[in-house]
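The values are calculated or read from the model by the stated rules, or taken from the named source; none is laboratory data. Note that this is a predicted model, so its numbers are computed, not measured. All Cβ positions, even for glycine, are placed from backbone atoms using ideal geometry, and neighbour counts span all protein chains on display. Just the protein is used for accessible areas: all its heavy atoms, side chains included, with ligands, DNA and RNA removed. Shrake-Rupley method; radii C 1.70, N 1.55, O 1.52, S 1.80 Å.
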Amino acid sequence: MPRRPVILGMALLAAVAVLGTPPAQGAEPGADVGVIGEPFRGTLPDGSVAGLLDAHNHVMSDVAFGGNLICGKVFDARGPAAALQDCHDHEPNGEFAWFENFTRHGSPVGTHDPTGWPTFTDWPAHDSLTHQAAYYKWIERAWRGGLRLMVNHLVANRQLCEIYPLKNKPCGEMESLRLQARMMRDLEAFIDAENGGPGRGWLRIVRGEAEARQVIESGRLAVLLGVETSEPFGCRQVLGVPQCTTADIDRGLDEMHALGVRSMFVCHKYDNALCGVRFDSGAQGVFVNAGNFLSTGRFWQARTCTGELADNTVTPDGVLPDPIAPLVPALPLYPPAPHCNVHGLSALGEHMVRGMMERGMLIELDHMSVKAADRTLDILEEADYPGVVSSHSWSDPKLFPRIYALGGMVAQYGHGAGAFAEEWRRSEPVRDQYGVDGYGFGIDANGIGGLPGPRAGGDPVTYPFTSADGSVRVERYTMGERTWDMNTDGMAHYGLMPDWIEDIRKVAGAEIVDDLVRGAESYLRTMRAAEAHVPPVPFAGTATASSTEFNLLTDLRPRHAVDGDMRTRWASTNRDGEWLRVDLGQPRPVSRVALHWEAAYGADYRVETSVDGSTWQTAAALSGRTGGLDVVTFPPTTARYVRMQGERRGTRHGYSLYELRVY
């Protein structure tokens, strides 16, 4: 699609904004964080908001996982000397920081200088996963440098908390989420106090699209709350037995929504009662697989994938740190890759997905197994629900076209500039196909994941430079006794986000920056569509079939496939080639058919339409299906009759449908 000259237009608008707003008395605005000038406010000429999107972040995870895993605080009234201290168990030289060493080096062996403020000799660093990366002044620098929308995921992992021996916060996941939500409000109030009182700060926690848009237009940072947790609402499973109910899920969703949460993961890292997960690989995968065993009573269960979708490859073996190794047996042998988790979306997981749709929330597809993600997208496609997000590209990229087709949003993990630009280019055709104007990233700061590293060779970042939105000047950042440089340090902490964006511009030019500056607008459009969603109502109709299975105990006549009751069904005799036809009563504009299969499903079949019931056109031909829910979309056509015409059965039984719904 044609690209609009965002940066030039924004630079002109920003110049007006800066000239019209005198700097505060004393130092230039932003001088203390190395970003000079007034941040852009207002809208682009087309009325859209402008700003970078971070769709996946964990500001308050220093109080998660028991409170001693992430070292250093986001803020402290006593200043950085009190906030930016290492964990006591890392002293005197980091050799006892086994989790830091394992995640940083792939081994529990290692050392580092534990001193934070004011020298920052060894941390923060782009590859240090357990030291504070989102101190509030660093967030301020990111905001001043162009960030306008952040999705802060409250995060918890009961099993990791219980494994780590030192803790001062609760391991219960719901208690941890509540604490982090409260701490985010405390941070907002703390920033307000620094800037003149309630409502005067540069960071605002928002509860919806309209409020977020107003905050961004005022030139401030809008923060949406999300949840990424392994056992939401206590929904763990032990040896396959769920530990929660639908009532637990309903209460939990109501509570989270009341707290302001608008985006949630259904599962994360460990299989739970809701869905199977997408595996981790490498040394971290060995660690997480061991955690899956401790959480559920079994290791990940994988099969060799037979379709085009795949989960990450399970690492077969590796060295576990001493605190965990005695607790788990040897990892099982796995079949040849590519690997797919055998577990998909459970009935409880489907209940949660539908509950989130009812509340207008965004459903995070990342971390779901491809089997679970595929089923979730089927549900969303039947409902034509746009509120689906891949916030840090932890999904099979082959699913992205389905996300975009619904009106959803995909944000890329915060890779180094070269890899980030390469993925942006690779995915550009599908974004253009679906008219997506904007691109985002998921930095995952404080999420036990690495930040973008320095780029080797090429055209380096030169200081000072102009921010992505053209409104401010960005200089090297000095704090305490340390000055950071993107060329040598990478994105050592969240405050170097503007430097990382400039590094990306050096690699890929102005076009990628234009897309990034429209990231916040793109996300808000998805959010607005989810909030305004009205569930579609299928056309009413009467059903006839080529045959009906005779059963003394159950009525299996065709009418049960169109009665709206998922407890009843139609079943044919045990032959290929049987069909079910729905008469809509009069010609209708038809473009989508949902087939809810019972265990006896159609492997190969056609969806056909007709105006008169005699002449049929094939709307879609499907092959190699595996049952469950099939959602078939096709160009709108006028039809009175819609037919499922079987070709090959998937089992030795006939064809059986709980519901055939026409939209």
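Spherically averaged projected area of the convex hull of Cα atoms, the chain: 30.3 nm². Between the C-alpha center of the range 27-54 and that of the range 441-470 there is a gap of 18 Å. For HIS339, neighbours were defined as the other residues whose beta-carbon sits under 9 Å from its Cβ, and their charges (Lys and Arg +1, Asp and Glu -1) total 0. P(r) tail, the range 167-295: Cα-Cα pairs separated by more than 21 Å, 53% of all pairs.
Note that the range 267-326 shows a convex hull volume over its alpha carbon atoms of 88 Å³ per residue.
Given R0 = 51 Å, the distance between the Cβ atoms of GLN214 and GLU428 translates into a calculated FRET efficiency of 0.95.
Surface exposure of the range 405-457, expressed per residue as accessible area with a 1.4 Å probe, stands at 33 Å². Counting only Cα atoms, the size of the range 275-389 along its three principal axes is 47, 30, 21 Å, in decreasing order.
Straight Cα distances below 16 angstrom link LYS269 to the lysines LYS371, with same-chain residues fewer than 8 positions distant left out. Structural descriptor for the range 219-282: relative contact order 41 percent, calculated from alpha carbon pairs under 8 angstrom and at least 6 residues apart.
Computed FRET efficiency, Cβ-Cβ of ALA247 and GLU162, R0 22 Å: what is it to the nearest 0.05? In this case the efficiency is close to 0.25.
At a 1.4 Å probe, what is the % contribution of carbon and sulfur to the accessible area of the chain? Here carbon and sulfur together make up 53 percent of the probe-accessible area.
Net charge around PRO397, counting only other residues with Cβ within less than 9 Å of its Cβ (Lys, Arg = +1; Asp, Glu = -1)? Neighbour charge sum, excluding PRO397 itself: 0. For the peptides 628-636, 147-155, the ranking by mean Cβ contacts within 10 Å, running from highest to lowest, is 147-155, 628-636.
Quick one: helix 6-19 against the long Cα principal axis of the chain, what's the angle to the nearest 10°, folded into 0 to 90? Once rounded, one gets 40 degrees.
Sequentially through the range 182-189, phi angles give Karplus couplings (6.51, -1.76, 1.60; θ = phi - 60°) of 5, 5, 5, 5, 5, 4, 4, 5 Hz, Gly and Pro residues having no value and appearing as x.
Sparse packing (at most 16 other Cβ atoms within 10 Å of the Cβ) combined with a DSSP loop state is found for the following chymotrypsin sites (Phe, Trp or Tyr not before Pro) in the range 81-153: PHE96. Average accessible surface for the range 96-212: 33 Å² per residue, computed with a 1.4 Å probe over protein heavy atoms with every protein chain in place. Loop-located chymotrypsin sites (Phe, Trp or Tyr not before Pro) across the range 509-586 with a Cβ neighbour count of 15 or fewer within 10 Å are PHE550, with loop assigned by DSSP.
Per residue, the average separation of C-alpha pairs within less than 8 Å and at least 6 apart gives the range 177-216 a relative contact order of 26 percent.
Take the range 291-355 with all the other protein chains still there, run a 1.4 Å probe, and you get 47 Å² of accessible area per residue.
The Rg/Rh ratio for the range 446-563, using Cα coordinates for both the radius of gyration and the Kirkwood hydrodynamic radius, is 1.43. Centre-to-centre, using Cα atoms only, the range 595-611 and the range 82-160 are separated by 53 Å. For the chain, the longest principal axis of the alpha carbon atoms and the long axis of helix 370-383 meet at an angle near 70°. Here the relative contact order of the chain, from alpha carbon pairs under 8 Å that lie six or more residues apart, stands at 14 percent.
Ellipticity at 222 nm from helices only: DSSP H runs of n ≥ 4 in the chain, each -39500 (n - 2.57), divided by the residue count, give -8500 deg cm²/dmol.
Loop-resident GluC sites (Glu not before Pro) (DSSP state other than H, G, I, E or B) in the range 299-366 with no more than 10 further Cβ atoms inside 10 Å of their Cβ: GLU308.
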